[in-house]
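Participant: Sharing a structure below in structure tokens format, with a few things to ask.
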Amino acid sequence: MEHRACDVPKYLVSLLFVLVLLFLFSLISNATPFFGASYTFIATAELVAIGFNLESFAIVVLVTALGATLAKIVIYAGARGLSRKLQNNKNVKLLGRWIRRRGFYIALFVTALIPILPLDDYVYIGAGANRAKLAPMLGVTLLAKLSKSAIEILLEFSGIVGIVFYTNRYLGLSRLDLSIALSGVFIVLGVAIYKLDWEKWINIVRGRSSTNVS
């Protein structure tokens, strides 16, 4: 009993250390536009290491979701500070018109929930440049990130998503290596998508859909 009692403080210290690291990793990886690092890969590995149970799962989900949500303040603030330059971008102007629509928060929730692709970064860049209200956006984003963290960690832990297993087995990549590799890919992809003329492509898609209907 004494040995177990002595082990409790050590466990709590190690748990706190892991939670701080996970919070910082999710914060930093989401504070850089288009970075796209999958913090849930790392969170799953740490969750396995400390022991998977309902309490630890809930805490890890909360910590990673909170870090990912608060990181959007950095993107919003940066875009707000560079609003004059960003307003020259057609996509930012398009986002400015979109922000005032009723379905904006639903779209924000969906983009924040979609795995891997950091689509919500575009929304926060547009919101910052157009000085949209930040508080309700953070509330919606937190709900989305809580759902995202819970779903992704459960899928990765259960082995349903086997990407980590296969990349480790055939390429020798760890969870961290895979996360960094994906980050590089999605930074390039994110910048490329940002430079596209979204309105032009939307009109093309609309034109094709209306042609098919007629």
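The values are calculated or read from the model by the stated rules, or taken from the named source; none is laboratory data. Values in this document were obtained by computation on a predicted structure and should not be read as measured data. Every residue, glycine among them, receives a Cβ derived from its backbone with ideal geometry; neighbour counts consider all protein chains shown.
Participant: Any idea which of (1) more than 13 Å from Pro33 (Cβ to Cβ); (2) among the hydrophobic types (A, V, I, L, M, F, W, C); (3) part of a helix (DSSP H, G or I) is the one Ile116 doesn't satisfy?
Facilitator: Unmet for Ile116, out of (1) more than 13 Å from Pro33 (Cβ to Cβ); (2) among the hydrophobic types (A, V, I, L, M, F, W, C); (3) part of a helix (DSSP H, G or I): (3).
Participant: Could you go through segment 6-14 and let me know if any residue there is within 17 Å of Ala58 (Cα to Cα), modelled with pLDDT of 70 or more and not polar (S, T, N, Q).
Facilitator: Scanning segment 6-14 turns up at least one residue that is within 17 Å of Ala58 (Cα to Cα), modelled with pLDDT of 70 or more and not polar (S, T, N, Q).
Participant: Follow-up. Just checking, does segment 131-153 include any residue being buried (at least 21 other Cβ atoms within 10 Å of the Cβ), touching a Gly at 6+ places or on another chain (Cβ under 9 Å), under 29 Å from Ser56 (Cβ atoms) and in contact (Cβ under 8 Å) with a residue 40 or more places away in the chain?
Facilitator: The answer is yes, given that some residue of segment 131-153 is buried (at least 21 other Cβ atoms within 10 Å of the Cβ), touching a Gly at 6+ places or on another chain (Cβ under 9 Å), under 29 Å from Ser56 (Cβ atoms) and in contact (Cβ under 8 Å) with a residue 40 or more places away in the chain.
Participant: Here is a further query. Which one of these does Tyr124 not meet: (1) crowded, with 19+ Cβ neighbours inside 10 Å; (2) more than 23 Å from Ala150 (Cα to Cα)?
Facilitator: For Tyr124, the exception is condition (2).
Participant: Still on this structure, I have one more. Identify the single condition in (1) closer than 21 Å to Thr111 by Cα; (2) at pLDDT below 80; (3) out of contact with any Asp or Glu (no Cβ under 9 Å at 6 or more places or on another chain); (4) part of a helix (DSSP H, G or I) that Ser29 does not satisfy, given that it satisfies every other one.
Facilitator: The number of the failed condition is (2).
Participant: Of the residues Phe109, Phe52, which is part of a helix (DSSP H, G or I), among the aromatic types (Phe, Trp, Tyr) and farther than 17 Å from Ala31 by Cβ? Give the derivation first.
Facilitator: Numbers: Phe52 fails: part of a helix (DSSP H, G or I).
Going through Phe109, Phe52 in turn, just one is part of a helix (DSSP H, G or I), among the aromatic types (Phe, Trp, Tyr) and farther than 17 Å from Ala31 by Cβ: Phe109.
Participant: Test of understanding: among Ile50, Ile73, Ile106, Ile99, which residue is at pLDDT below 95 and within 29 Å of Val20 (Cβ to Cβ)? Break it down stepwise before answering.
Facilitator: Working: Ile73 fails: at pLDDT below 95; Ile106 fails: within 29 Å of Val20 (Cβ to Cβ); Ile99 fails: within 29 Å of Val20 (Cβ to Cβ).
Going through Ile50, Ile73, Ile106, Ile99 in turn, just one is at pLDDT below 95 and within 29 Å of Val20 (Cβ to Cβ): Ile50.
Participant: Given the condition surrounded by fewer than 16 Cβ atoms within 10 Å (Cβ to Cβ) and touching a Gly at 6+ places or on another chain (Cβ under 8 Å), answer yes or no: does some residue in segment 60-79 qualify?
Facilitator: yes
Participant: Let me ask something else. Could you give every pair whose Cβ atoms fall below 8 Å, whose first residue belongs to segment 43-59 and is under 14 Å from Ser14 (Cα atoms), and whose second residue is assigned to a helix (DSSP H, G or I) and of a type in the set (Val, Ile, Thr), counting only separations of at least 6 or pairs across chains?
Facilitator: That search, which allows pairs on different chains as well, returns Glu46/Val18; Glu46/Val60; Leu47/Val60; Leu47/Ile153; Ala49/Val18; Ile50/Val18; Ser56/Ile50.
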